[in-house]
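Chemist: One structure, as structure tokens, below. Some questions next.
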């Protein structure tokens, strides 16, 4: 496992000696020396992802280093230092504790001296620091290398993911002026369910029942919202309602969806290589998915020309499709889709595009991240059709905020009091919903 070598760590550098000729060495120097020796003696054929194989070799080098340097470390200090070195060499360094902490949902690295974390929807600065840019870049390389990606001055931006599925975005100098920057959106170990959404009051029971019926009734649904509003999480919740006997094809930029169904085909877009070739976009994957006999097509997010192909899929017999889009509201979602279709280079007039949208989309579920960090479904709106050149929409449910108390947003979910047109399509599928679901509470008759 280790290369035969007679080299040993040299004695302490002159600057580490004190006035008595004795030497003192910092934990940083120990870590650096162990790293250098490990890289020199560890066989290049060994799989560093195999901790059972690498950890004993690393521990041997670590103990030999402490013995040669004659460092009087306690058992606790020795264990802590060894764990730090293992994380530094084999894991993700100082980020390891944050990645293991289930209460941390996002990690935002703004250069080596500033790391923010999100807990319960609120951002705060952590006490985690990298030693320098080179240490941060070493962690970045460890993230992108297993995926066949690279990040350097010629390719300073990259989307990647961690082994557990967490999404990572990286941008480095010269584009990032304050050093390498990294955003990690952690992948939940437990699948987020509709019960979890109800528990944290992201929606009401009536809204959950209605959305379940819409998925079973094969309505085409767009989940909209701003950044970090919970769109992908809600997409996972909705996809859990899909019957297990249907063939599902998922299409994503970076694979995040976690479906429990057995018959799932997962497709992921590919960026161009170093020569600018080999790119496979979401649009290409949507077109290819139509040839794969899908019962459902789930697109992680539409953000460009693929919106046109998504509309075509929804309008050519692929009912029950799901997707997400960035927007400020349900009506704004339709405007953004119009703009995205125009980027496809089509010569279709605007009215024809709107007719395609009105025909394709049945429901828009809009989420927002509120000031207290909570994420809620603030509107469920149906697309009813066209009147002249305008797409007609109607709210079915909405969240009505009443104020803020002790830093927490107060409000309630309420139906708009209108019977949705999509209810007919849902009932044709043999799905029954209570008619009082769409009646405001103050207008509901008491049960007898």
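We did not get these values from a lab; they are worked out from the coordinates using the rules stated. These numbers were taken from a predicted model, which means no experiment stands behind them. Backbone-built Cβ (ideal geometry, glycine too); neighbour counts: all protein chains shown.
Chemist: Give me the compactness ratio for segment 251-290, meaning the Cα radius of gyration over 2.2 N^0.38 Å.
Modeler: 1.34
Chemist: Given a cut-off of 18 Å, what percent of all Cα-Cα pairs of segment 181-337 lie beyond it?
Modeler: For segment 181-337, the fraction of Cα-Cα distances above 18 Å is 60 percent.
Chemist: Exposure proxy check: 161, 277 ranked by fewest other beta carbons within 10 Å? Walk me through the numbers on the way to the answer.
Modeler: Working: 161 21, 277 7.
Fewest to most other Cβ atoms nearby, the residues stand as 277, 161.
Chemist: Would you mind calculating the gained length between residue 432 and residue 59 on full extension (0.36 nm times residue separation, minus the Cα-Cα distance), in nm to one decimal?
Modeler: Working: separation 373, 0.36 × 373 = 134.28 nm, distance 6.30 nm.
Full extension of this stretch gives 128.0 nm more.
Chemist: If you count, for each residue, the other Cβ atoms within 10 Å and average over each peptide, how do 75-85, 322-332 line up from highest to lowest?
Modeler: Descending mean neighbour count gives 322-332, 75-85.
Chemist: Which values of log₁₀ I(q)/I(0), to two decimal places, follow from the Debye formula for segment 348-406 at q = 0.22, 0.25, 0.27, 0.28 Å⁻¹ with a uniform point scatterer at every Cα?
Modeler: The Debye formula, applied to the Cα set alone, gives -0.85, -0.97, -1.05, -1.09.
Chemist: Separate question: What distance in nm lies between label points placed 7 Å from Cα along the C-beta direction at residue 244 and residue 133?
Modeler: It is 5.3 nm.
Chemist: I'd like the projected area of segment 194-443, averaged over all directions, using the convex hull of its alpha carbons. Report it in nm² with one decimal.
Modeler: Reported value for the Cα convex hull: 15.2 nm².
Chemist: If each of residue 147 and residue 164 carries a label point 7 Å out from its Cα toward its Cβ, how far apart are those two points in nm?
Modeler: Spacing of the two 7 Å Cα→Cβ label points: 1.6 nm.
Chemist: Counting other beta carbons within 10 Å of each residue's own, what order do 382, 106, 64 fall into, fewest first?
Modeler: 64, 106, 382
Chemist: Tell me, what is the percent relative contact order of segment 95-185, built from C-alpha pairs under 8 Å that lie six or more residues apart?
Modeler: Once normalised by length, the contact order is 26 percent.
Chemist: How much of the pair distance distribution for segment 198-255 lies past 17 Å, counting alpha-carbon pairs only, in percent?
Modeler: 44 percent
Chemist: How large is the Kirkwood hydrodynamic radius of segment 368-448, in angstrom, based on all distinct alpha carbon pairs?
Modeler: Details: mean 1/r = 0.0664 Å⁻¹.
In segment 368-448 this quantity evaluates to 15.1 Å.
Chemist: So how long is each side of segment 95-185 along the principal axes, counting just the alpha-carbon atoms, biggest first, in Å?
Modeler: Taking the Cα atoms of segment 95-185, the three principal extents are 37, 26, 20 Å.
Chemist: How high is the relative contact order of segment 194-443, in percent, counting Cα pairs under 8 Å that sit 6 or more residues apart?
Modeler: Reported relative contact order: 20 percent.
Chemist: For a Förster distance of 41 Å, can you work out the FRET efficiency between the beta-carbons of residue 175 and residue 124, rounded to the nearest 0.05?
Modeler: 0.95
Chemist: Moving on. Taking only C-alpha pairs under 8 Å that are 6+ residues apart, what is the relative contact order of segment 361-448 in percent?
Modeler: 20 percent
Chemist: Would you order 193, 434, 126 from fewest to most other beta-carbon atoms within 10 Å of each residue's own beta-carbon?
Modeler: 434, 193, 126
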